[in-house]
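Asks: Right, I'll just put the structure down here and ask away after.
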Amino acid sequence: MNTRALSTDQREGFFSWFFALTGKERRTFWSCKIGYALDAMDTQFLSFVIPTLIATWGLSKGDAGLIGTVTLLTSAAGGWIAGILSDRIGRVKALQITILWFAFFTVLCGLAQNFTQLLWARGLMGFGMGGEWTAGAILIGEVIRAKDRGKAVGMVQAGWAIGWGVSALLYALMFSLLPPEWAWRSLFLLGILPALFVIFIRRFVDEPEVFVAEKKKAARAEGQPSFWQIFSPKMLSVTLRAVLLTTGAQGGYYAITTWLPTFLKTERHLTVLGTGGYLAMVIVGSYVGYIVSAFLTDYLGRKKNFILFATGSMCIALAYTRLPVTDGVMLFLGFPLGFCVSGVFSGMGAFLTELFPTAIRGSGQGFSYNMGRAVGSLFPLMIGMSSQSMALGEAIGIFAGTAYAVMILAALTLPETAGKQLES
């Protein structure tokens, strides 16, 4: 095959968009993807060590739940702040700061001597966890060309499933080599690894050209864009509808992933949920969902892709809570569960990048995504309260269905942005 033929095959290949990236774009892509995977790795450690903390420290389930809730709320605040910072000091610098932040406080989690210390360390870690998503999503969204933005940002989002899988493997390794009272600490201490990655980012990743041009224009005008511009008459409607979109996506996700295991264990009496096989099916499904959604968001458009995966997530919630299932069926249902509820998020970064102008992109994207996270984090609480007067499965179905319906309505009212050129 000659060189001309090879080049044509590459252009027509499934990943031809990646081969077309420049060296700078590839370095940015891998930096954001690895950063997001490391963020997920540090974040997921807690879910694996909660049983050990309950056994060794005597924590209640309420204490463990409080740690999770505080982490979500501080991550929402951290994402908001990181968005503002990225408009002020730059996308790359904001990404570096947030990675260092969550790595440092993850290590402090491993050194905690009691519940209060762990709660504070984990809460502070949440600021960096939420901030890293915002800074990374804006950075990769501004670097990649319009026609490939959805695929690239979605592939970066898929790093979450990779980090989740790595955290599961490290959990199995540490708890097989060390006694439980040391193994859980060793996991958190491994959280220092992302800090080393900042060295690479500092050396090889540059600010997006569109952002640099915008900063030069602002300097000539001797004016700094204000965060409050996202609430100006021109932007207020877009900002509020973006918040509704992200609230629906995250409210539905938290409703399903927080309470389904409890429902299936206590009311359906299924045992497969505690197996590594079920977790592996969910993680693999999550990664495939991210990838498929990443391509569909460019092929179908942002809005149709959101509606497709939100509808699929509604069907999954209905299947889990209404249909009689066995352990064997539940094992295989783990794949579509991960596929649908994760695929919802794949196009989110590109869409929010395209909704806001460069001068306030960090502020707009940071606020809308993380306000949705803050409101969405209340859905598990509302399900728990509602389950006192109705069946848990019914409560899950109502709140998850409502959340995804809100997301679909918001998607229908927002403008289609696929292929949009980023202008300052």
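The values are calculated or read from the model by the stated rules, or taken from the named source; none is laboratory data. Note that the structure is a prediction, hence the values are computed from the model and not measured. Note that each Cβ is placed from the backbone with ideal geometry, even for glycine, and that neighbours are counted across all protein chains shown.
Asks: Of (1) surrounded by fewer than 17 Cβ atoms within 10 Å (Cβ to Cβ); (2) among the hydrophobic types (A, V, I, L, M, F, W, C); (3) touching a residue at least 24 places away in the same chain (Cβ under 8 Å), LEU46 satisfies all except one. Which?
Replies: The number of the failed condition is (1).
Asks: Got a sec? Which helices (runs of 4 or more DSSP H) wholly within the stretch 351-424 have at least 2 residues that are of a type in the set (Ser, Thr, Tyr)? Before you say what the answer is, go through the steps one by one.
Replies: Working: elements: 361-376, 379-386, 392-413.
Because the criterion is at least 2 residues that are of a type in the set (Ser, Thr, Tyr), the helices (runs of 4 or more DSSP H) in the stretch 351-424 that meet it are 361-376, 392-413.
Asks: Within the stretch 72-85, identify whether any single residue is within 27 Å of PHE356 (Cα to Cα), over 18 Å from the mean Cα position of the chain (by Cα), in the same structural domain as GLY141 (by TED's automatic domain parsing) and in a helix (DSSP H, G or I), and answer yes or no. Let's see the steps before the verdict.
Replies: Filtering the stretch 72-85 down to residues within 27 Å of PHE356 (Cα to Cα) leaves 72-85.
Within this subset, residues satisfying the condition of being over 18 Å from the mean Cα position of the chain (by Cα) are 84-85.
Next, from what is left, pick out any that are in the same structural domain as GLY141 (by TED's automatic domain parsing): 84-85.
Now restrict to residues that are in a helix (DSSP H, G or I): 84-85.
Yes, the stretch 72-85 has at least one match.
Asks: Any idea which residue in the stretch 13-43 is surrounded by the most Cβ atoms within 10 Å (Cβ to Cβ), counting only those that are under 14 Å from VAL156 (Cα atoms) and among the small types (Gly, Ala, Ser)?
Replies: GLY35
Asks: Now for a separate question. Can you pull out the helices (runs of 4 or more DSSP H) entirely within the stretch 159-238 that have at least 3 residues that are in the same structural domain as THR98 (by TED's automatic domain parsing)? Spell out how you get there, then give the answer.
Replies: Details: elements: 159-177, 180-189, 193-204, 209-221.
Correct list: 159-177, 180-189, 193-204.
Asks: Counting only residues that are surrounded by fewer than 18 Cβ atoms within 10 Å (Cβ to Cβ) and in contact (Cβ under 8 Å) with a residue 40 or more places away in the chain, how many does the stretch 388-400 have?
Replies: Let us first name the residues in the stretch 388-400 that are surrounded by fewer than 18 Cβ atoms within 10 Å (Cβ to Cβ), namely 388-391, 394, 398.
So of that shortlist, the ones also in contact (Cβ under 8 Å) with a residue 40 or more places away in the chain come out as 391, 394.
Adding up the residues that qualify gives 2.
Asks: Can I ask one more? So which residues in the stretch 81-121 are over 27 Å from VAL143 (Cβ atoms) and among the small types (Gly, Ala, Ser), if there are any at all?
Replies: Scanning the stretch 81-121 gives GLY110, ALA112, ALA121.
Asks: Going by the structure shown, is LYS303 over 16 Å from the mean Cα position of the chain (by Cα), modelled with pLDDT of 85 or more and either assigned to a helix (DSSP H, G or I) or aromatic (Phe, Trp, Tyr) (or both)?
Replies: On the way: over 16 Å from the mean Cα position of the chain (by Cα): yes; modelled with pLDDT of 85 or more: yes; either assigned to a helix (DSSP H, G or I) or aromatic (Phe, Trp, Tyr) (or both): yes.
Spelling it out, LYS303 is indeed over 16 Å from the mean Cα position of the chain (by Cα), modelled with pLDDT of 85 or more and either assigned to a helix (DSSP H, G or I) or aromatic (Phe, Trp, Tyr) (or both).
Asks: If you don't mind, another one. Within the stretch 407-421, how many residues turn out to be surrounded by fewer than 21 Cβ atoms within 10 Å (Cβ to Cβ) and of a type in the set (A, V, I, L, M, F, W, C)?
Replies: Kept after step one, since they are surrounded by fewer than 21 Cβ atoms within 10 Å (Cβ to Cβ), are these residues of the stretch 407-421: 408-409, 412-417, 419-421.
Right, trim to of a type in the set (A, V, I, L, M, F, W, C) and you get 408-409, 412, 414.
So the count comes out to 4.
Asks: Same structure, new question: When you check ALA183 against the structure, is it among the aliphatic types (A, V, I, L, M) and under 30 Å from SER387 (Cα atoms), yes or no?
Replies: Details: among the aliphatic types (A, V, I, L, M): yes; under 30 Å from SER387 (Cα atoms): no.
So ALA183 does not fit the description; no.
Asks: Residues of the stretch 31-66 being under 14 Å from LEU190 (Cβ atoms) and among the aromatic types (Phe, Trp, Tyr), which ones?
Replies: Across the stretch 31-66, the qualifying residues are PHE45, PHE48.
Asks: Looking at GLY338, GLY276 in this structure, which one is over 27 Å from GLY130 (Cα atoms) and small (Gly, Ala, Ser)?
Replies: Values: GLY338 fails: over 27 Å from GLY130 (Cα atoms).
Selected residue: GLY276, the only one of GLY338, GLY276 that is over 27 Å from GLY130 (Cα atoms) and small (Gly, Ala, Ser).
Asks: In the list PHE332, PHE295, which residue meets the criterion of being crowded, with 18+ Cβ neighbours inside 10 Å and assigned to a helix (DSSP H, G or I)? Let's see the steps before the verdict.
Replies: On the way: PHE332 fails: crowded, with 18+ Cβ neighbours inside 10 Å.
None of the others qualify; the one that does is PHE295.
Asks: Can you find, within the stretch 278-295, the residue that is nearest to VAL341 (Cα to Cα) among those that are of a type outside the set (Val, Ile, Thr) and in contact with a Leu (Cβ under 7 Å, 6 or more places away or on another chain)?
Replies: Kept after step one, since they are of a type outside the set (Val, Ile, Thr), are these residues of the stretch 278-295: 278-281, 285-287, 289-290, 293-295.
Cutting the leftovers down to in contact with a Leu (Cβ under 7 Å, 6 or more places away or on another chain) gives us 278, 281, 285.
Working: TYR278: 16, MET281: 13, GLY285: 10 Å.
Here the answer is GLY285.
Asks: Given the options GLY376, GLY347, GLY343, GLY366, name the one that is buried (at least 21 other Cβ atoms within 10 Å of the Cβ), free of Cβ contacts under 8 Å to residues at least 60 places away in the same chain and touching a Phe, Trp or Tyr at 6+ places or on another chain (Cβ under 7 Å). If you could, list the steps in order and put the result at the bottom.
Replies: On the way: GLY376 fails: free of Cβ contacts under 8 Å to residues at least 60 places away in the same chain; GLY347 fails: free of Cβ contacts under 8 Å to residues at least 60 places away in the same chain; GLY366 fails: free of Cβ contacts under 8 Å to residues at least 60 places away in the same chain.
Selected residue: GLY343, the only one of GLY376, GLY347, GLY343, GLY366 that is buried (at least 21 other Cβ atoms within 10 Å of the Cβ), free of Cβ contacts under 8 Å to residues at least 60 places away in the same chain and touching a Phe, Trp or Tyr at 6+ places or on another chain (Cβ under 7 Å).
Asks: I've got another one for you. Please work out which residue is surrounded by the fewest Cβ atoms within 10 Å (Cβ to Cβ), limiting yourself to the stretch 115-165 and to residues that are over 19 Å from PRO357 (Cα atoms), touching a residue at least 12 places away in the same chain (Cβ under 8 Å) and β-branched (Val, Ile, Thr).
Replies: ILE162
Asks: Among the residues of the stretch 311-329, what is the count of those that are assigned to a helix (DSSP H, G or I) and under 30 Å from LEU245 (Cβ atoms)? It would help to see each step written out before you state the result.
Replies: Just the residues of the stretch 311-329 that are assigned to a helix (DSSP H, G or I), to begin with: 311-322, 327-329.
If we keep only those that are under 30 Å from LEU245 (Cβ atoms) too, we end up with 311-322.
Going through the stretch 311-329 one residue at a time, the tally reaches 12.
Asks: Any residue in the stretch 175-184 that is farther than 20 Å from ALA103 by Cβ, out of contact with any Ser or Thr (no Cβ under 7 Å at 6 or more places or on another chain) and of a type in the set (Asp, Glu)? Explain how you work it out, then say what you get.
Replies: Our first condition is that a residue be farther than 20 Å from ALA103 by Cβ; within the stretch 175-184, this holds for 175-182.
Restricting the remaining residues to those that are out of contact with any Ser or Thr (no Cβ under 7 Å at 6 or more places or on another chain) gives 175-177, 179, 182.
Retained after the next criterion (residues that are of a type in the set (Asp, Glu)): none.
Checking the stretch 175-184: not a single residue is farther than 20 Å from ALA103 by Cβ, out of contact with any Ser or Thr (no Cβ under 7 Å at 6 or more places or on another chain) and of a type in the set (Asp, Glu).
Quick grid of which residues meet (1) assigned by TED's automatic domain parsing to the domain that holds SER286; (2) over 21 Å from the mean Cα position of the chain (by Cα); (3) under 27 Å from GLY130 (Cα atoms):
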| site | (1), (2), (3) |
| --- | --- |
| SER16 | no, yes, no |
| THR28 | no, no, yes |
| GLY35 | no, no, yes |
| LEU38 | no, no, yes |
| ASP42 | no, no, yes |
| SER47 | no, no, yes |
| ILE54 | no, yes, yes |
| LEU59 | no, yes, yes |
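Asks: Next up: Just give me the residues in the stretch 69-93 being surrounded by fewer than 22 Cβ atoms within 10 Å (Cβ to Cβ) and small (Gly, Ala, Ser), in sequence order.
Replies: If the condition is that a residue be surrounded by fewer than 22 Cβ atoms within 10 Å (Cβ to Cβ) and small (Gly, Ala, Ser), then ALA77, GLY90 are the ones that fit.
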